[in-house]
1. Only one of these is assigned to a helix (DSSP H, G or I), closer than 30 Å to GLN28 by Cα and either of a type in the set (D, E, K, R) or at pLDDT 95 or above (or both): ARG102, ARG121. Name it.
2. Kindly provide the set of residues from segment 1-55 that are closer than 22 Å to LYS83 by Cα, not β-branched (Val, Ile, Thr) and not in a helix (DSSP H, G or I), ordered by number.
3. From PHE231, PHE207, PHE211, which residue is of a type in the set (Phe, Trp, Tyr) and in a loop (DSSP other than H, G, I, E, B)?
4. For segment 172-225, give me each residue that is among the basic types (Lys, Arg) and at pLDDT below 95.
5. What about HIS104, is it without any contact (Cβ under 8 Å) to a residue 60 or more places away in the chain, under 25 Å from ALA166 (Cα atoms) and within 16 Å of the ligand (Cβ to nearest atom)?
6. Is it the case, given these coordinates, that HIS52 is within 25 Å of ALA17 (Cβ to Cβ), touching an Asp or Glu at 6+ places or on another chain (Cβ under 8 Å) and at pLDDT 95 or above?
7. Surrounded by 20 or more Cβ atoms within 10 Å (Cβ to Cβ) and within 16 Å of the ligand (Cβ to nearest atom): does that describe GLU154?
8. Go through (1) in contact with a Lys or Arg (Cβ under 7 Å, 6 or more places away or on another chain); (2) under 19 Å from LYS162 (Cβ atoms); (3) within 12 Å of the ligand (Cβ to nearest atom) one by one and return the number of the condition PRO181 breaks.
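The values are calculated or read from the model by the stated rules, or taken from the named source; none is laboratory data. Everything numeric here is computed off the predicted structure, so don't read it as measured data. Positions of Cβ are backbone-derived with ideal geometry, glycine not excepted, and every protein chain shown enters the neighbour counts.
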Amino acid sequence: MSVERHIFGDPRSTAEACAQYILGNLKQTLAAREYATLAVSGGSTPKLLFEHMVAAKFKWDGVHLFWVDERPVPPDDERSNFKLAQDALIGPAGIPQRQVHRIHAELDPPAAAEMYVDEIRSIFRHGPAELPRFDVMQRGMGNDAHTASLFPGEPLINDRQKVAAAVYAEKLSQWRITLLPGVLMAAHHTAVLVTGEDKANAARSVFAEPFDPLKYPAQVDLRDGMDVQWFLDRGAAKLLAG
Ligand code: 6PG
């Protein structure tokens with residue numbers, strides 16, 4: 001188990017280093033077996049990351065792509081995390097659709113979550129009492145220290161059994177479908193990509209405040225994660241000690 005922070009001068013060099021970490025771990029996994037699994041986040045930050053992953057001309061054969069969370073919109077909606085990845089990564093990199101496992105968030109949220117859990121099980125083939133272990137997971141963080149769609153106060157932050165669920169984000173008055181803490185913590189390699197001064201307070205809280213994921217959800221795998229690498233630009237890291 002290791003948690004490390006890597007700080008870079010600007011969002012572009014931060015995204016580039018994060019891309020190398022993700023692709024490096026996928027390559028290692030594919031050297032050991034026929035397929036690898038990657039879960040990515042949405043929001044605005046991943047766009048630069050995806051562009052670097054495309055520019056790296058990586059061979060995506062065998063990589064199964066999933067999402068950490070999704071908004072309750074159709075796949076062609078500008079707010080869709082799937083659309084972000086489709087436009088900035090899947091299309092440009094030519095990732096075959098059979099390897100793309102999106103969240104059908106246009107459906108009723110609980111149904112979308114259930115369908116996603118079945119899709120994950122069909123690829124991971126994990127047992128009923130087991131959790132799927134992603135080879136690589138890319139997460140972000142909001143300026144309230146939320147990660148995935150686990151917002152402060154969300155009761156499922158204390159869950160360790162379930163794979164994914166529909167959660168109602170009060171502050172957004174919106175349903176979200178999200179992977180749950182047990183799966184986040186089980187990931188073999190996690191990259192948390194955070195850029196921008198508006199995230200500085202949240203980053204300070206995550207690393208300086210007492211462990212309380214219900215208050216600072218991005219702390220969720222600070223203690224029991226596997227390999228958790230934080231990639232921050234100088235703006236996001238400006239209040240971090242040491
Ligand atoms: C989402 C994300 C979410 C994101 C943070 C940061 O669907 O919004 O997956 O967890 O990582 O909200 O978002 P930004 O990158 O837009 O700051």
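1. Checking each option against the conditions leaves just ARG121.
2. The answer is ALA36, LEU38, ALA39, SER41, GLY42, GLY43, SER44.
3. PHE211
4. Initial filter on segment 172-225 (among the basic types (Lys, Arg)): 176, 199, 204, 215, 223.
Correct list: ARG223 only.
5. When the stated conditions are applied, HIS104 passes them.
6. yes
7. Spelling it out, GLU154 is indeed surrounded by 20 or more Cβ atoms within 10 Å (Cβ to Cβ) and within 16 Å of the ligand (Cβ to nearest atom).
8. (3)
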